[in-house]
Amino acid sequence: MRLLDIEVSVNCNEKKVLVGSLISGKTEEKDNIKVSFEEIAEGKCNIGRIKVDILRRETWDTNGLNIDEPIVAEAYFDELPEKMTCMYLYGPWWTRPAFVQSFEDIPDKTQVLFCKNKNDFTCILPMVGDDYKTVINGSGSKDRIQFVMDAGIAGVRHVDETMYISSTAETLSLAIENITKTLEKKYDIKPREKRKYPEMFKYVGWCSWDAFYKDISEEKVLDKAKEIAEKKLPIRWMIFDDGWLQDENDMLNDIAPDGKKFPGGFDQLITKVKSETPVNWVGVWHAFGGYWAGINPKSRLAKEKAQCLYKTVNGRIVPSPYNGRDFYGSWYKELKAGQVDFVKVDGQSSMPVYFRNDMSYVKGARLLSNELEDAAGIFDKNVINCMGMAMENILSRNETGISRNSDDFVPNREKGFEEHILQNAYNSLYHNEIYYCDWDMFWTEHKDALKHSLLRAISGGPVYVSDEIGRSDASVIRKLCLSDGKILRLDRSAKPCEDVVFEDVTKRGLLKINNAGQICNGDTVGIIAVFNLVDSRQTGEISIGDIPELKDVESCYVYDYKADTVVELNKDDTISVSLNREEYGYYIFFPKDECVLLGLIEKYVGFKALLSSEVSENGIYRFKLREKGKIGFVCRSTVEKVSLNGEDITNRLIDRGSYYLVDINGSPEECMLEVAIKRRMEE
C-alpha cells in the first residue's frame, strides 16, 4: 500500500475548513490556515508528518483549533486491502480487534491497522507526537481512511507532529517488526527485550481482586496466606488490590492503609506473611492519579503534598506532571518501609479525562509516566502497568517492562473466556513488541479454569490467580510451574497464527495461537493452542509453518498434550483439528533428533524444565532436568536402558512405540536422565 494523497480538514472556532488535497512535500493555504504534509522514508518504514498553522488575521486574533477532532486527514492509497484487522480502543483503557474488509467499516479510535494486501501486508501505526495523538477512523467511504488528531485542548495555533508510521512487508510480523525498530531508532522507545523482567514475576502469584474485590482486610489476607502455606501452593507473591486505601467519593484521603481494615499497618502483616508462608514478595495497587478520581482536595494529604500535586481546570487534584515523583516517591518510601516490594498502577489511560482543556493529555501522560517511573526506582522499577493501553501510555513509559494486555478477567461474565482470549491474543501482535504482556489473573476453580491456565502458561508473561479463600485448586497451578513456583515461561507473548489474523474466529473457524521457547541446547520448541469460539463444530489445520521461529525446520515431533500422543510431521504436512464449541487442543513441536526429550509432560511448558543435554561418545543421551516428575521422550531407535541419577529404571519405562514415558516420583530436585539406545550400543 502506497499513499497517493491526503485531504486535510481543520476545525477551528466551530468552523470546519477543507484546506486541500496534498501530496508529500506540498503546502496548501485557505482561510488563513496553512497546512503542509510530508511522508519521509525511514529504514523500511514511511513516516507521515503534518504541519498546521493558523495565521494571525489581525493583532487581537484569538482563532485556534477546536478541542474535538481539530485535524482530520483523509488518506488515499494506490490499492485497497483485501482484509483488515483493526486494533481499536473500545473504551479508554483497552483495545480489541475488529475484522473488516472495507475502509468504511473501520471502527473509531483504531490504534493500529493491519492490512492484508494482494501480494503483501501493511501495518499502520497512528502516532503519538509531542502534544497530539492520531487515531484512525472509518471515513464512511470505501476508498479512504481518516487520520484524526487531537490533544484534548483548544486554541492551539501551530501543530508540527508525526501523524503515522507505516510499513509494508512480505509478512505482517515483518511489517510490525520494522515499525518497532523505527520507534526505537527515531523515537528512543525501548523494545521489550531491552526492558527488565522483574524477578518476582518469574514465579506464580496471587491477587486479592477477584477474591475480595474492595472488601479486603488484614484478616482475609492472613487467611489466604495460611491456605497457601497449608496446601503447599507454589505461590510466591501477593498483590493487595483496590480496597486497602482510605478514600472518599473515589478520591484518595491518605497514603496509609485503611486503619479499620489493616489495624496494624503493613509492616507487621507483611513480615508475618513472608516469615510464615512461601510468599517472598508483596505488592500493592493504586491508581495513576492516587485514586480513581484523584486526591481529595479537603484531605490532609492534599495540604501536606500541595507542592507536588496539580489542580486541573476541571477541579481534579492529581500528582503533578512536573514534580509528581515527590508525591509518588514519598508514598513509595512509606510502602517500602512496610515491606512492600512492587506496585500495580491502574487507570493509566485516564489522561484525556484528567487534563481535558488543561494541557495536552499526550504531554500529561508522558510527563506523569516519567515521574512515576523515576519514583519507582525504590522498587527497582518493579511495576505492573494496568488500564493503560491507550497509545499515549504505551509510548510514554520507557523503563518499566510489564503491561496488562486486556480487560479484566471477570469470573461470571457471559462468554467471558471468548472475549478474554480474543483481546489477549490479538493485542499481543503489537503490545508484545514493547512490553512483557500480562494476561491478567484467573480462578483455578472455574468452568474455564483449564483453558485459562493454558492461556497463562503460553502467555509469556506473569501468571497469577485470584482465588477466594478455600477455593484454590493446586493441581491447576502446578501445571504452570515448578515446585518452587517458578513459571515455565515461553520467550515472547503468544500471538494468533498469521492465517487467522484477518479472520473473525468468533464467527467461523478456529483460533490458533502460537509461541516458542528456546531450550538449553539452542533448539527452539514451538507451541500451538487451538480454540473453538463458535457455537458449532469447527475444523482447521496446524503446521510447522504456523510458528515463525520454526519456519526453516524441515520436520518435527508433535506432542498432542490432551491426547498424550506423538506424531512425526514434515514441513509441508498438516495436522487436522476438529473441535466442538468450548473445546481446545494443545500441540508442542520439537525439532527431530535421534532422541528428543519432551520434558515434564504433565506441565504445559514442561520442556522448559530441561537444564542441559548431551550425547556421550558411546551414544548415551544425558538430560538434566530441574526436577523429577512424569517425563516423556522420543527415540527413533529401540531404547536399551534408562537410568536416573545412575540407577537403572528401565523396568519402569512405558513403551508406546517411539514415544516413551517414565514416572519419577520423589522430592522436587534436579535429576539426570540417561537414555541408551540399542543401535548406539551395538555400534
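Evaluate the following for Gly485: is it crowded, with 20+ Cβ neighbours inside 10 Å and touching a Pro at 6+ places or on another chain (Cβ under 8 Å)?
Considered against the rule, which asks whether it is crowded, with 20+ Cβ neighbours inside 10 Å and touching a Pro at 6+ places or on another chain (Cβ under 8 Å), Gly485 comes out as yes.
With (1) part of a helix (DSSP H, G or I); (2) more than 26 Å from Lys495 (Cα to Cα) as the list, and Lys181 as the residue in question, which single condition is left unmet?
In the conditions (1) part of a helix (DSSP H, G or I); (2) more than 26 Å from Lys495 (Cα to Cα), Lys181 misses (2) alone.
Which condition number does Val605 fail, the rest of (1) aliphatic (A, V, I, L, M); (2) surrounded by fewer than 19 Cβ atoms within 10 Å (Cβ to Cβ); (3) in contact with a helix residue (DSSP H, G or I) (Cβ under 9 Å, 6 or more places away or on another chain) being met?
All conditions pass for Val605, except number (2).
Restricting to the stretch 626-641, what's the tally of residues that are of a type in the set (A, V, I, L, M, F, W, C) and modelled with pLDDT of 95 or more?
Summing the residues that are of a type in the set (A, V, I, L, M, F, W, C) and modelled with pLDDT of 95 or more in the stretch 626-641 gives 3.
Of the residues that make up the stretch 479-490, is at least one touching a Cys at 6+ places or on another chain (Cβ under 7 Å) and assigned to a strand (DSSP E or B)?
Yes, that holds for at least one residue.
What pairs can you find where one residue is in the stretch 56-68 and outside the structural domain of Ser360 (by TED's automatic domain parsing), the other is of a type in the set (Asp, Glu), and their Cβ atoms are less than 8 Å apart, with a gap of 6+ or different chains?
Filtered contacts from the stretch 56-68: Asn66/Glu14; Ile67/Asp150; Asp68/Asp150.
Considering only residues that are hydroxyl-bearing (Ser, Thr, Tyr) and under 18 Å from Gly460 (Cβ atoms), which ones fall in the stretch 496-550?
Hit for the stretch 496-550 is Thr524, nothing else.
Can you pull out the residues in the stretch 567-601 that are surrounded by 15 or more Cβ atoms within 10 Å (Cβ to Cβ), touching a residue at least 40 places away in the same chain (Cβ under 8 Å) and among the small types (Gly, Ala, Ser)?
Of everything in the stretch 567-601, just one residue is surrounded by 15 or more Cβ atoms within 10 Å (Cβ to Cβ), touching a residue at least 40 places away in the same chain (Cβ under 8 Å) and among the small types (Gly, Ala, Ser), namely Gly585.
When only residues in the stretch 248-266 that are acidic (Asp, Glu) and touching a Gly at 6+ places or on another chain (Cβ under 9 Å) count, which is surrounded by the fewest Cβ atoms within 10 Å (Cβ to Cβ)?
Among residues in the stretch 248-266 that are acidic (Asp, Glu) and touching a Gly at 6+ places or on another chain (Cβ under 9 Å), the one surrounded by the fewest Cβ atoms within 10 Å (Cβ to Cβ) is Asp250.
Of the numbered conditions (1) within 30 Å of Glu445 (Cβ to Cβ); (2) surrounded by fewer than 19 Cβ atoms within 10 Å (Cβ to Cβ); (3) among the basic types (Lys, Arg), Arg404 fails exactly one; give the number of that condition.
(2)
Can you find, within the stretch 189-213, the residue that is nearest to Asn412 (Cα to Cα) among those that are acidic (Asp, Glu) and over 17 Å from the mean Cα position of the chain (by Cα)?
Filtering the stretch 189-213 for residues that are acidic (Asp, Glu) and over 17 Å from the mean Cα position of the chain (by Cα), the one nearest to Asn412 (Cα to Cα) comes out as Asp210.
Could you tell me whether Asp440 is buried (at least 24 other Cβ atoms within 10 Å of the Cβ), of a type in the set (D, E, K, R) and farther than 24 Å from Asp499 by Cβ?
yes
What number goes with the only condition from (1) more than 21 Å from Ser349 (Cα to Cα); (2) surrounded by fewer than 20 Cβ atoms within 10 Å (Cβ to Cβ); (3) touching a residue at least 24 places away in the same chain (Cβ under 8 Å) that Glu304 does not pass?
It is condition (3) that Glu304 fails.
Across the stretch 610-636, which residue is farthest from Gly646 (Cα to Cα) among those that are aliphatic (A, V, I, L, M) and buried (at least 19 other Cβ atoms within 10 Å of the Cβ)?
Step by step, filter the stretch 610-636, then rank; the result is Val634.
Considering Asp560, Asp491, Asp564, Asp573, which residue is over 27 Å from the mean Cα position of the chain (by Cα) and closer than 22 Å to Ser453 by Cα?
Of Asp560, Asp491, Asp564, Asp573, the one residue that is over 27 Å from the mean Cα position of the chain (by Cα) and closer than 22 Å to Ser453 by Cα is Asp564.
Taking into account only those residues within the stretch 444-462 that are over 19 Å from Leu600 (Cα atoms) and outside any helix (DSSP H, G or I), which is nearest to the chain's Cα centre (by Cα)?
Ranking the candidates gives Gly461 first.
This table checks each residue for (1) over 21 Å from Asp523 (Cβ atoms); (2) assigned to a helix (DSSP H, G or I); (3) of a type in the set (Ser, Thr, Tyr); (4) in the same structural domain as Lys415 (by TED's automatic domain parsing).
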position: Ser578; (1), (2), (3), (4): yes, no, yes, no
position: Arg581; (1), (2), (3), (4): yes, no, no, no
position: Ile588; (1), (2), (3), (4): no, no, no, no
position: Gly599; (1), (2), (3), (4): no, no, no, no
position: Lys608; (1), (2), (3), (4): no, yes, no, no
position: Ser612; (1), (2), (3), (4): no, no, yes, no
position: Asn618; (1), (2), (3), (4): yes, no, no, no
position: Ser637; (1), (2), (3), (4): no, no, yes, no
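Being charged (D, E, K, R) and either closer than 25 Å to Lys486 by Cα or at pLDDT 95 or above (or both) narrows it down to one of Glu617, Glu594, Glu541, Glu582, so name that one.
Checking each option against the conditions leaves just Glu541.
Please indicate, with yes or no, whether at least one residue in the stretch 56-66 is in contact with a strand residue (DSSP E or B) (Cβ under 9 Å, 6 or more places away or on another chain), part of a loop (DSSP other than H, G, I, E, B), of a type outside the set (A, V, I, L, M) and crowded, with 21+ Cβ neighbours inside 10 Å.
The answer is no; no qualifying residue exists.
What is the residue count in the stretch 532-550 for residues that are surrounded by fewer than 17 Cβ atoms within 10 Å (Cβ to Cβ) and in a strand (DSSP E or B)?
The qualifying residues number 2.
Looking at (1) modelled with pLDDT of 95 or more; (2) assigned to a strand (DSSP E or B); (3) closer than 23 Å to Ile547 by Cβ, which is the only condition Asp573 fails?
With (1) modelled with pLDDT of 95 or more; (2) assigned to a strand (DSSP E or B); (3) closer than 23 Å to Ile547 by Cβ applied to Asp573, the lone miss is (2).
Given the conditions (1) surrounded by fewer than 24 Cβ atoms within 10 Å (Cβ to Cβ); (2) touching an Asp or Glu at 6+ places or on another chain (Cβ under 9 Å), which single one is not true for Asp504?
It fails just one condition, (2).
Are any of the residues in the stretch 170-178 buried (at least 22 other Cβ atoms within 10 Å of the Cβ) and in a loop (DSSP other than H, G, I, E, B)?
No, that holds for no residue.
Please specify each residue of the stretch 10-34 satisfying the condition of being within 14 Å of Gly64 (Cα to Cα) and either part of a strand (DSSP E or B) or touching a Phe, Trp or Tyr at 6+ places or on another chain (Cβ under 7 Å) (or both).
Passing the criteria: Val10, Asn11, Cys12, Lys15, Lys16, Val17, Ile33, Lys34.
Give the residue, chosen from Lys142, Lys186, Lys232, that is out of contact with any His (no Cβ under 6 Å at 6 or more places or on another chain), under 22 Å from Ala474 (Cα atoms) and surrounded by fewer than 21 Cβ atoms within 10 Å (Cβ to Cβ).
None of the others qualify; the one that does is Lys232.
Go through Val410, Val362 for me and flag whichever is of a type in the set (A, V, I, L, M, F, W, C), outside the structural domain of Asn515 (by TED's automatic domain parsing) and either at pLDDT below 95 or surrounded by fewer than 20 Cβ atoms within 10 Å (Cβ to Cβ) (or both).
The unique qualifying residue is Val410.
Which of the residues belonging to the stretch 497-552 are of a type in the set (A, V, I, L, M, F, W, C), in contact with a helix residue (DSSP H, G or I) (Cβ under 7 Å, 6 or more places away or on another chain) and more than 24 Å from Arg96 (Cβ to Cβ)?
Residues satisfying the conditions are Ala516, Ile519, Val525, Ile544, Leu550.
The values are calculated or read from the model by the stated rules, or taken from the named source; none is laboratory data. Everything numeric here is computed off the predicted structure, so don't read it as measured data. Methodologically, a virtual Cβ is constructed for each residue, glycine included, from the backbone with ideal geometry; neighbour enumeration extends over all protein chains shown.
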